[in-house]
């Protein structure tokens, strides 16, 4: 799971659509909502929403290109432009005291910085977005901030101890959400962190909790990662000397690894993620050779 999962996560990482920007979503207690709206006016509010939507489209276009081709260079210029547009939108929403929309801008900008390899700015933006989201009582954005921070610490700075704490917080926050997508994503990341720390049984526990939610998962990217992660855990069990009580056990783990990676391959192919599909197909062949 280590190298493969991190590569696949970058290729097909989740990017929920931006929170609908609306003036007055988190008004100051001393102002009525209509007073907050008047802080900017319809034109400025529309400008903030347009900036946010344009930036989100740039990030989505970059992700889609990488998912299909694995080429991170061609559209890399879209990311700093998105960061700049999100900074301008953030200022407009802060002026209107629209904390939820401001938080969404920070989290989206953090995603863009992480995808650009600028990990420290990403961590700072995630922290800012998290605080704003908490003030706005927007738990989905809080969960997104913790998930993004975890991924940055895991695949960017390689600070596995901090990543573990961040993943646990992501799971805690996401557990309170109505939908299961962010919870499953957080559980999968917790599994990847444990795997990176050499804690195979813990990684298995986390990913089994995630896959138990599969009937309620609507985000195909999350489902893809869960199958890829469990496949990698199974393969490590099959080949790790400390987890070989019998040849039958090794065979069953190898079979499970192949089956789960085939599931991930099918999901990637259905979504048109050509680069991820190719990586998964190569992994399936490698697992089968080991099984034989």
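Descriptive notes on the structure:
- Spatial separation of Cα centroids for the stretch 264-292 and the stretch 103-157, in angstrom: 30
- Between residue 127 and residue 216, the FRET efficiency estimated from the beta carbon spacing at R0 = 41 angstrom works out to 0.85.
- The spread of Cα positions in the stretch 146-292, taken along each principal axis and listed from longest to shortest, comes to 43, 36, 28 Å.
- Over the stretch 151-266, relative contact order from alpha-carbon pairs under 8 Å, at least 6 apart, %: 20
- Once the Cα-Cα distance is subtracted from the 0.36 nm per residue extended length, the residue 157 to residue 74 segment shows a gain of 27.5 nm.
- Per-peptide packing, taken as the mean over residues of other Cβ atoms within 10 Å, places 116-124, 223-231, 51-59 in the sequence 223-231, 51-59, 116-124 from highest down.
- Amide N of the stretch 78-97 lying under 15 Å from the label point, which is placed 7 angstrom from the Cα of residue 54 along Cα→Cβ: 78-92
- Measuring r between the beta carbons of residue 248 and residue 202 and using R0 = 22 Å, the FRET efficiency lands at 0.35.
- Net length gained if the chain between residue 178 and residue 64 were fully extended (0.36 nm per residue, minus Cα distance): 38.3 nm
- By the beta-carbon count within 10 Å of each Cβ, the least crowded to most crowded order of 250, 280, 105, fewest first, is 250, 280, 105.
- Of the peptides 69-79, 137-147, the ranking by mean beta-carbon count within 10 Å, highest at the top, reads 137-147, 69-79.
We did not get these values from a lab; they are worked out from the coordinates using the rules stated. Model, not experiment: these values are computed from the prediction. With ideal geometry, Cβ positions are generated from the backbone for all residues, glycine too; neighbour counts draw on all protein chains shown.
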